[in-house]
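Following: one structure in structure tokens, then a few remarks.
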Amino acid sequence: MLAAYVPLFRIPGAPAFMAGGLLARVGGAMFGVSMVVMISSRRGSYAMAGAITAVAVLVLAVAGPVLGRLIDRHGQRRIAMPFILVTGVFGVATTVLSFLGAPIWTIFLTYAASAFLPELGPMSRARWVHIFRDDPEKLHTALSLEQILDEGAFVVGPILGVMLGTTWFPEAGVLLAQLFYTGGVFIFLAARATEPPVVARADRPRGLAVGRPGLFVVAGILTMVGVVFGANEVTIVAVCEAAGDKQFSSVILGLLALGSTLAGLVYGARQFGSALSSRLALAASGMFLLEAPALVVTDLRWLGIVMFVAGSATAPMLITAMTLAQRLVPSAMVTEAIAVATTGILIGISIGASVGGWAVEHLGPHQSFVVPVAAGALAAALALARSRPLNRAELAAA
């Protein structure tokens with residue numbers, strides 16, 4: 001199974017950008033839960049933590065397609081480098097303000113400003129699309145590896161973020177997350193051999209990527225998937241704190257990501273003949289059905305097992321959705337299209353974190369699992385209802 005991934009590491013320049021990407025992914029995976037730990041520890045409010053996270057994710061959601069379009073037009077290094085430098089300063093400022101007990105509105109502003117940055121995932125996936133533009137089978141494996149790296153980061157990131165924020169000082173997780181992300185993206189951008197070339201102005205397609213048939217539907221499905229992610233993160237931390245073991249939340253979040261990582265390894269090593277739209281509907285249904293037992297499981301150890309199993313649907317879902325997103329657009333729009341899909345996830349995470357924080361304080365920690373379960377049901381319903389139109393759009397784009 002692992003042999004399918006070996007050729008990817010032999011591509012000249014690929015190991016360098018994958019290494020930088022992995023470091024940045026670990027930092028990115030730390031942000032959400034580290035912010036929840038920081039704000040809940042300093043200010044005593046999960047609702048406030050969810051709101052701050054939600055605002056920052058919304059800013060990132062807006063920045064993604066805008067900067068993705070600029071990157072497609074002018075190149076990754078030219079656009080991404082200055083934004084990474086400036087947002088890194090705002091990220092460090094957020095931790096300083098929290099440590100000093102500054103007014104909460106200042107933390108809202110600096111953390112939101114730190115989120116106006118280019119997303120690593122679309123840039124990295126765009127490199128693979130360029131490298132394997134004439135080899136769909138290897139592209140499937142490469143995009144699967146991207147998701148495996150994402151999920152692997154979410155095994156390590158939340159554990160590291162919670163551990164630092166609860167054993168050192170509340171801002172430690174957010175601070176290290178910012179340093180990892182900024183350093184990782186710099187390493188990624190330094191690997192210029194694999195950067196996709198800029199398409200000449202005369203050859204660029206007109207319009208926005210989101211206007212291409214099917215892409216808005218994919219982004220809508222991924223928005224519901226993002227709600228699952230955002231609500232799970234807040235709810236799991238709150239459930240563990242209510243049980244008297246806040247640090248165990250990092251274990252449960254890690255198990256969720258580990259289940260997804262292992263599923264992604266298997267999924268990426270296989271080739272499929274079915275339509276992407278059909279696989280998307282199947283994976284979305286699996287996410288809903290496997291998450292549902294969290295509503296009735298109260299023991300933390302069993303909850304960890306439920307999350308591990310539920311995670312097995314996550315990577316296939318995201319791999320399929322990202323592959324479909326890039327297939328629905330011309331090659332000159334790939335970064336923008338994947339950024340649009342990623343924006344759907346980010347908007348969902350923002351909604352999920354905010355609604356999840358509200359649910360924790362008004363419904364109770366464990367009862368708040370109704371938020372991610374309901375979002376999973378909506379994602380499955382939308383994917384099933386729009387399966388045929390998505391299939392038509394996929395065939396038309398091909």
FRET E, pair residue 198, residue 243, Förster distance 45 Å, beta-carbon r, rounded to 0.05: 0.30
For peptides 250-256, 73-79, sequence by mean Cβ density within 10 Å, most packed first: 250-256, 73-79
Between 0 and 90°, nearest 10: helix 76-99 axis offset from the chain longest Cα axis: 0
C-alpha long axis of helix 314-327 to longest principal axis of the chain, angle in °: 40
Cut-off 13 Å between beta-carbons: net charge of the residues surrounding residue 371, Lys and Arg +1, Asp and Glu -1: -3
Residue 45-residue 85 pseudo-label distance in nm [points 7 Å out on the Cα-to-Cβ vector]: 3.7
Three-way shape label, segment 72-198, alpha-carbon gyration tensor, a/c 1.5: oblate
Segment 1-42-segment 338-396 distance, computed between alpha-carbon centres (Å): 23
Rg ratio (alpha-carbon, reference 2.2 N^0.38 Å) - the chain: 0.92
Charge dipole of the chain about the Cα centre (unit charges at C-beta), most positive-ward option of 181, 377, 305: 181
Note, ³J(HN,Hα) from phi for segment 56-71, Karplus 6.51, -1.76, 1.60, rounded to Hz, x at Gly and Pro: 5, 5, 5, 4, 4, 5, 6, 5, x, x, 5, 6, x, 5, 5, 5
Modelled FRET efficiency - R0 30 Å, residue 135 with residue 309, Cβ distances, 0.05 increments: 0.35
Extended-chain gain in nm, criterion 0.36 nm per residue less alpha-carbon gap, residue 289 and residue 331: 11.6 nm
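Counting alpha carbon pairs within less than 8 Å and at least 6 residues apart, what relative contact order, in whole percent, applies to the chain? Intermediate values should be presented prior to the final figure.
Values: 743 pairs, mean separation 114.7, N = 398.
Relative contact order, the chain: 29 percent.
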Gain on full stretching of the segment that runs from residue 272 to residue 5 - 0.36 nm per residue minus C-alpha separation: 94.5 nm
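Arrange the peptides 373-381, 225-233, 40-48 so that the one whose residues have, on average, the most other Cβ atoms within 10 Å appears first.
The most tightly packed comes first, giving 225-233, 373-381, 40-48.
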Rounded FRET efficiency, nearest 0.05, which uses the C-beta distance separating residue 102 from residue 190 and R0 of 56 Å: 0.95
Extension gain, residue 109 back to residue 362 (0.36 nm per residue minus Cα-Cα distance, nm): 88.4 nm
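Each value in this text was obtained by applying a stated rule to the coordinates, not by laboratory testing. On a predicted model such as this, the values are computed, not experimentally measured, just so you know. Here the Cβ is made from the backbone with ideal geometry for all residues, glycine too, and neighbour counts use every protein chain on show.
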